Amino acid sequence: MKEIKQGNKKMYKRYFLMLLSVNLVLLMLFIVLILVSPPRSDVLPTPQYIDEPGAEFRVESTKEDLNELINDYLDQVLLADNAEFSVHIDQDVHLFGSFQAFGASIPLNVRMEPNVQANGDLILSMTEMSLGLLDLPSDRILHYINQQISTPDWLYFDSENEQLYVAVTQIDVQSNFRFSVQELDLTDDNISFLIKIPRAGAIQTEDNDDEA
């Protein structure tokens, strides 16, 4: 019996060492993949200004409502990417979650500071970023995420400056609505958007209603 137990222990030890070796190799490949590829940024869009006749409405929101809206959208956009992300907006924008790489789940933690642009777009500047337990440069982490995850056309990765450019004015909304960010003061919870209904879109909607 002693010999059998000792044999089992040796076998388990061998399997453990093999598994540990495989994990170490995968980890090294993952690190090399990130460090070898130089960080590249998306070509940032030319800021667009909404300048067309139509009705304008200012809509105020809260952090709670914004959290719910963003997370519902993420669930739809990233459904097929084997990635799970959540956003929590408090004093800053906190993105956390995980995505699949080399058959393993890699946790991601990012904190960003929002800055509203003159045209109503949004820049999210990275203040803190970690990928698992790895201590890697933020610009390379951002570049790797951009390569691995499919994102909407209006989201641009500026890896070199460690920021995201959210082209809010380019987001397609039903009924030809256009909207832009007016204010995003997370400290005082002052959040507002400008929604514009172009005159052409309103006329088209009325015509469709008449035909129906």
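The values are calculated or read from the model by the stated rules, or taken from the named source; none is laboratory data. Note that the structure is predicted; figures quoted are calculated from it, not measured. Neighbour counts run over all protein chains shown; Cβ positions are idealised from the backbone, glycine included. Just the protein is used for accessible areas: all its heavy atoms, side chains included, with ligands, DNA and RNA removed. Shrake-Rupley method; radii C 1.70, N 1.55, O 1.52, S 1.80 Å.
Mind listing whichever residues of segment 107-135 are modelled with pLDDT of 90 or more and touching a helix residue (DSSP H, G or I) at 6+ places or on another chain (Cβ under 7 Å)? Walk me through how you get there before you give the answer.
Let us first name the residues in segment 107-135 that are modelled with pLDDT of 90 or more, namely 109-128.
Of everything in segment 107-135, those that are modelled with pLDDT of 90 or more and touching a helix residue (DSSP H, G or I) at 6+ places or on another chain (Cβ under 7 Å) turn out to be ASN119, GLY120, ASP121, LEU122, MET126.
Being modelled with pLDDT under 85, more than 28 Å from THR46 (Cβ to Cβ), open to solvent by 30 Å² or more (accessible area, probe 1.4 Å) and among the aromatic types (Phe, Trp, Tyr), is that true of even one residue in segment 97-106? Scanning segment 97-106, I find at least one residue that is modelled with pLDDT under 85, more than 28 Å from THR46 (Cβ to Cβ), open to solvent by 30 Å² or more (accessible area, probe 1.4 Å) and among the aromatic types (Phe, Trp, Tyr), so the answer is yes. Kindly indicate whether ASN109 is in contact with a Ser or Thr (Cβ under 7 Å, 6 or more places away or on another chain) and open to solvent by less than 20 Å² (accessible area, probe 1.4 Å). No, not satisfied.
Taking the conditions (1) under 23 Å from the mean Cα position of the chain (by Cα); (2) at pLDDT below 80 in turn, PRO53 satisfies each one other than (1). Taken over segment 136-156, the criterion of being open to solvent by 60 Å² or more (accessible area, probe 1.4 Å), in contact with a Phe, Trp or Tyr (Cβ under 7 Å, 6 or more places away or on another chain) and either at pLDDT 85 or above or part of a strand (DSSP E or B) (or both) is satisfied by no residue.
Return the residue satisfying two criteria in turn: it lies in segment 157-184 and is part of a strand (DSSP E or B) and within 18 Å of ASP42 (Cα to Cα), and of such residues it is farthest from the chain's Cα centre (by Cα). Step through it out loud before you land on a result.
Going residue by residue through segment 157-184, those that are part of a strand (DSSP E or B) are 157-158, 163-166, 178-184.
Subsequent filtering for residues that are within 18 Å of ASP42 (Cα to Cα) retains 157-158, 163-166.
Working: PHE157: 9, ASP158: 12, GLN163: 11, LEU164: 8, TYR165: 11, VAL166: 10 Å.
My answer is ASP158.
Scanning segment 157-178 for residues that are modelled with pLDDT of 85 or more and open to solvent by 40 Å² or more (accessible area, probe 1.4 Å) yields GLU160, ASN161, GLU162, GLN170. Taking segment 112-124 as the range and being under 21 Å from ASP139 (Cα atoms) and either among the aliphatic types (A, V, I, L, M) or open to solvent by 20 Å² or more (accessible area, probe 1.4 Å) (or both) as the test, the residues that pass are MET112, GLU113, ASN115, LEU122, ILE123, LEU124. Residues in segment 52-73 that are open to solvent by less than 100 Å² (accessible area, probe 1.4 Å) and not acidic (Asp, Glu): PRO53, GLY54, ALA55, VAL59, SER61, THR62, LYS63, LEU66, ASN67, ILE70, ASN71, TYR73.
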